There are 2 protein chains.
Amino acid sequence: MARQKIKIRRIDNIAARQVTFSKRRRGLLKKAQELAILCDADVALIIFSATGKLFDYSSSSMQELLGKYKLHSNINNLDKVEEPLLDLQLHESDETRMGKELLDKNLELSQLRGEDLQGLTLEELQRLETLLEGGLHRVRRTKDERITNMIASLEQKLITLNSNGKRPRTSTTGECDNMVINPEDHGQSSDSVICSCNSLEDDCSDTSLKLALPFN
Amino acid sequence: MARQKIKIRRIDNIAARQVTFSKRRRGLLKKAQELAILCDADVALIIFSATGKLFDYSSSSMQELLGKYKLHSNINNLDKVEEPLLDLQLHESDETRMGKELLDKNLELSQLRGEDLQGLTLEELQRLETLLEGGLHRVRRTKDERITNMIASLEQKLITLNSNGKRPRTSTTGECDNMVINPEDHGQSSDSVICSCNSLEDDCSDTSLKLALPFN
DNA sequence: ACCTCTATGTATAAAAG
DNA sequence: TCTTTTATACATAGAGG
């Protein structure tokens with residue numbers, strides 16, 4: 001597609017494969033969403049990376065959509081591997097293993113929240129900081145995308161509203177279904193969300209655009 | 001996208017919508033397949049047209065893939081009536097409850113890392129951002145305390161070293177036991193940790209003190 | 001991993017058959 | 001609805017941080 005056309009065959013170079021995976025995954029998710037919105041279709045997309053990581057999109061409830069799929073397909077049990085479960089000792093060890101894992105996860109969660117940090121070494125704190133910075137950055141980027149879409153959708157609605165002189169139908173864009181554009185009551189919502197749009201900058205830029213969107 | 005750029009919103013004209021659906025559906029299915037082949041990923045795509053027609057693609061067995069999906073998601077019953085699974089209710093209530101909790105924790109963890117954010121609402125993203133900011137702030141504060149103590153301890157050792165002309169005993173401050181103050185080999189460590197000391201300000205101050213402490 | 005940049009390959013909107 | 005055509009928008013390979 002760019003410097004060179006590629007053959008559709010497995011990319012051997014692992015790094016290149018990973019990069020391509022990231023790019024194409026995004027593209028595919030975007031196009032799935034566009035199809036759903038443009039054509040009023042119900043779309044579900046499930047992607048497992050080669051390393052087993054899950055990415056998914058669903059234009060509506062994934063659960064409902066998969067349920068609907070089951071009706072149209074011959075698949076009637078997704079639990080085809082119902083292990084006979086040689087109970088007792090297996091059960092016992094499973095349960096304690098899971099309990100330990102739970103404790104681990106809980107500790108990890110509280111440390112990400114900034115609690116229970118005393119036992120950590122400086123390197124571990126450093127790692128935690130980097131992790132949090134990355135997470136914060138990605139959360140902000142996602143939020144910004146969301147807001148950008150909302151603003152675009154809002155503008156579109158206002159334009160429609162002005163040119164039609166009447167209320168548009170309930171949104172079908174899928175982006176803004178929870179935003180109320182209603183001349184009779186908008187602006188009265190007591191709840192608002194402060195949105196800092198700064199993901200494109202580093203997390204330290206306070207040139208961030210601050211918005212308070214009425215929300216409900 | 002040709003003669004004109006289109007907005008991503010529902011296409012009102014039914015005929016045009018249908019045409020676009022055909023074209024984009026094919027494109028999407030093709031790209032899903034390409035992703036699966038190029039990147040060795042496992043991909044499932046399910047599309048219901050507005051009229052309820054089903055189109056799907058799966059890079060491997062749809063059944064297996066959806067089964068795998070169930071393990072990664074919190075969806076455990078695609079049927080309204082999940083069969084009690086002729087198993088004993090003890091098993092069901094204990095192990096799966098823990099399994100669910102684990103899945104929850106895992107989801108929460110990946111969201112804190114900034115992954116799997118697509119399903120979240122703006123408010124949830126906002127909450128996540130605030131949580132991460134708080135966590136980052138506390139981690140940085142803890143790290144700064146640690147560094148401050150280390151520096152103080154280091155200085156103390158150097159003073160002792162200079163005035164005594166010999167090595168001090170192993171530190172008793174408890175803060176720096178893992179730092180080597182050894183004239184014969186210090187400075188040869190290839191590892192160092194970059195430390196940003198900025199927790200006293202808000203996380204957005206980049207007046208942070210940057211240090212590179214030799215570390216081992 | 002993730003971003004940016006750019007050249008180029010692809011997808012597709014619109015029109016016409 | 002499907003095909004073809006064409007102009008244009010979009011996606012992305014490859015390279016470099």
Name the residues in segment B:34-64 that are within 12 Å of DNA strand D (Cβ to nearest atom) and polar (S, T, N, Q), would you? B:Ser49, B:Thr51
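Being assigned to a helix (DSSP H, G or I) and either more than 8 Å from every other protein chain (Cβ to nearest Cβ) or in contact with a Cys (Cβ under 7 Å, 6 or more places away or on another chain) (or both) narrows it down to one of B:Ala32, B:Ala15, B:Ala50, so name that one. So that I can check it myself, show each step before the final result.
Numbers: B:Ala32 fails: either more than 8 Å from every other protein chain (Cβ to nearest Cβ) or in contact with a Cys (Cβ under 7 Å, 6 or more places away or on another chain) (or both); B:Ala50 fails: assigned to a helix (DSSP H, G or I).
None of the others qualify; the one that does is B:Ala15.
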Positions within segment B:35-54 being among the charged types (D, E, K, R) and within 26 Å of the chain's Cα centre (by Cα), in sequence order: B:Asp40, B:Asp42
Odd one out for A:Leu28 among (1) more than 21 Å from B:Lys68 (Cα to Cα); (2) within 13 Å of DNA strand D (Cβ to nearest atom); (3) in contact with a strand residue (DSSP E or B) (Cβ under 8 Å, 6 or more places away or on another chain): (1)
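Matching residues to (1) farther than 18 Å from A:Leu107 by Cα; (2) assigned to a loop (DSSP other than H, G, I, E, B); (3) out of contact with any strand residue (DSSP E or B) (no Cβ under 6 Å at 6 or more places or on another chain); (4) facing another protein chain (nearest Cβ under 7 Å):
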residue	(1), (2), (3), (4)
B:Gly114	yes, yes, yes, yes
B:Gly119	yes, yes, yes, no
B:Leu125	yes, no, yes, yes
B:Leu131	no, no, yes, yes
B:Arg138	no, no, yes, yes
B:Asp144	yes, no, no, no
B:Ile151	yes, no, yes, no
B:Asn162	yes, no, yes, no
B:Ser60 - would you say it is more than 7 Å from chain A (Cβ to nearest Cβ), part of a helix (DSSP H, G or I) and without any contact (Cβ under 8 Å) to a residue 40 or more places away in the chain? no
Breaking point among (1) within 13 Å of DNA strand C (Cβ to nearest atom); (2) over 15 Å from B:Asp116 (Cα atoms), for A:Gln63: (1)
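So which residues in segment A:25-40 are closer than 15 Å to A:Phe55 by Cβ and more than 11 Å from DNA strand C (Cβ to nearest atom), if there are any at all?
A:Leu29, A:Gln33
Here's the yes/no breakdown for (1) under 26 Å from the mean Cα position of the chain (by Cα); (2) exposed (fewer than 15 other Cβ atoms within 10 Å of the Cβ); (3) part of a loop (DSSP other than H, G, I, E, B); (4) at pLDDT 90 or above:
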position: A:Asp56; (1), (2), (3), (4): yes, no, no, no
position: A:Tyr69; (1), (2), (3), (4): yes, no, no, yes
position: A:Leu90; (1), (2), (3), (4): no, yes, no, no
position: A:Gly99; (1), (2), (3), (4): no, yes, no, no
position: A:Lys105; (1), (2), (3), (4): yes, no, no, no
position: A:Gln111; (1), (2), (3), (4): yes, no, no, yes
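The values are calculated or read from the model by the stated rules, or taken from the named source; none is laboratory data. Since the model is a prediction, treat every value here as computed from it, not as a measurement. Every residue, glycine as well, gets a Cβ built from its backbone with ideal geometry; the counts of neighbours run over all protein chains shown.
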